Amino acid sequence: MKGRLVLAAAAVGSLAVAGCSSSSSSSAAGGGAAGGSASTKACTASIGFEGPITGPVAVLGSEQLHFAQLALSADNAANKTKISIVQGDTQLQPAQATTVTQQFISNSSIVAVVGPAGSQEVEAVGGPMGRAGLAFISGSATNTTLTAGKYPTFFRAVSNDSVQGPQDANYIVKTLKPKAIMIVDDQESYSTGLVSTMTPIFQAAGIKVDHESVSQKLTDFSSLVAKVTPDTSVVVLPWQVAANAQQFGRNLAQQHKKAVIFGTDGLFSPGTFTINGSYVSAFGPDITAMPEDAAIVAAAKAKNISFGTFGPPVYAATHVIDEAIASVCKAGQTPSRSNVLAAIKKTNEPTSILGHPIAFDAHGDMVGGKFFLFKIDSAGKYQLIPSS
């Protein structure tokens, strides 16, 4: 834990040092190749960043980019590396993510990639990334099938839907106790995967389930809200566009419907989704409430970065890659896609910005990951619900 605070403090006070070179580098988190004699050359490499910097969820993509930059600055200063970021704007669109990925693959200086953000994007780029031997770590793609073996160079710094879906569904069943629910997918793999995980749990509990499907491009949900019956006390929205959920909530109010919205991590967007009484589960904690992350929070605030739970997992993902590169250099090797991939596979960080260790299983899933649940109050604030 202490090591992370040192890194974050460096991000505040030593950003100018980030580009300096050194005769050696260290792997403070233990996430890399076996040690060896220190390199006599500067540890230089590039990593790619794929995220929705523009588009309907640009606020989240910007948060992710800023936290990747925070981690990189801190790690460069701590390890005396010269790692740079090449930005790629995916707009949360698989076709755009594919274009960015091809550009990254063609850039031989890029040894690993942070992102992309969406599960549908990972599905689009996983094949090319694997064929290129290019490791990529997402801080927000949660679809369970992504780690089924099709994408051998894919990792994630968050847990997957096989954890989130049952956790959320069981909370709804045991705590909210609905007689009937509506669950609405947005026709993307992230959403449909969660629906398929949660629905059997609702049905087994004897809850009547109305499964609906809408496009992410829809912005008026009046006709959908009209289908919410008096018995429907919960509407589950496993969506990626928080503004759409906010409009859904407005439409509920306009039609005097009292159903509670229960959203998944895509809706965690304070300032955008603020419907009073709604629930949101998230793959990351609120680091502003974690004393051990105070220096990282201060670093973000010093750069006027607003954030929720999307930035910290990307910080963690970037840190894993940075430490892998540093460990390769410490072993006297020049960073390459193959040796950085091998180092990432050996990641074993005792702690992280997320408050728990980071290690990956053989399929690229984070070992021991979990989700966090929040409830939105009348002021639009997200209040953490303590784990039972």
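Key figures
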| quantity | calculated |
| --- | --- |
| Gap separating the Cα centres of segment 67-102 and segment 128-151, nearest whole Å | 16 Å |
| Segment 186-264: mean projected area of Cα convex hull, nm² | 4.8 nm² |
| Residue-averaged [θ]222 nm for the chain, counting only DSSP H segments that reach four residues, each worth -39500 (n - 2.57) | -11500 deg cm²/dmol |
| Quotient of Cα Rg and 2.2 N^0.38 Å for the chain, N being how many residues it contains | 0.99 |
| Cut-off 14 Å between beta-carbons: net charge of the residues surrounding Asp265, Lys and Arg +1, Asp and Glu -1 | -4 |
| Percent carbon-and-sulfur accessible area, the chain, ignoring ligands, DNA and RNA, probe 1.4 Å | 54 percent |
| Ordering of 285-293, 155-163, 338-346 by burial proxy (mean other Cβ atoms within 10 Å per residue, highest first) | 155-163, 338-346, 285-293 |
| Net +/- balance of residues flanking Gly165 in space, Cβ distance below 14 Å, scoring K and R +1, D and E -1 | -3 |
| Residue-count net charge about Gly115 - beta-carbon cut-off 13 Å; Lys, Arg +1, Asp, Glu -1 | -3 |
| Of Lys179/Lys370; Lys303/Lys346; Lys82/Lys303; Lys301/Lys381; Lys345/Lys370, pairs whose Cα-Cα distance is over 25 Å | Lys179/Lys370; Lys303/Lys346 |
| Degrees separating the helix 58-79 axis from the principal Cα axis of the chain, which is the longest one | 30 degrees |
| Peptide ranges 371-382, 214-225, 78-89 listed from the most packed, as the mean C-beta count within 10 angstrom indicates | 78-89, 371-382, 214-225 |
| Sorted peptide list for 122-132, 312-322, criterion being average Cβ within 10 angstrom, highest first | 312-322, 122-132 |
| Cα principal axis extents for segment 127-202, largest first, Å | 50, 22, 17 |
| Whole-Å distance, taken between Cα centres, linking segment 312-385 and segment 203-279 | 31 Å |
| Heavy-atom surface of the chain, accessible at 1.4 Å and reported per residue (Å²) | 38 Å² |
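The values are calculated or read from the model by the stated rules, or taken from the named source; none is laboratory data. Computed from a predicted structure; not experimentally measured. Methodologically, a virtual Cβ is constructed for each residue, glycine included, from the backbone with ideal geometry; neighbour enumeration extends over all protein chains shown. SASA here: full protein model, heavy atoms, side chains in, ligands and nucleic acids out. Shrake-Rupley method; radii C 1.70, N 1.55, O 1.52, S 1.80 Å.
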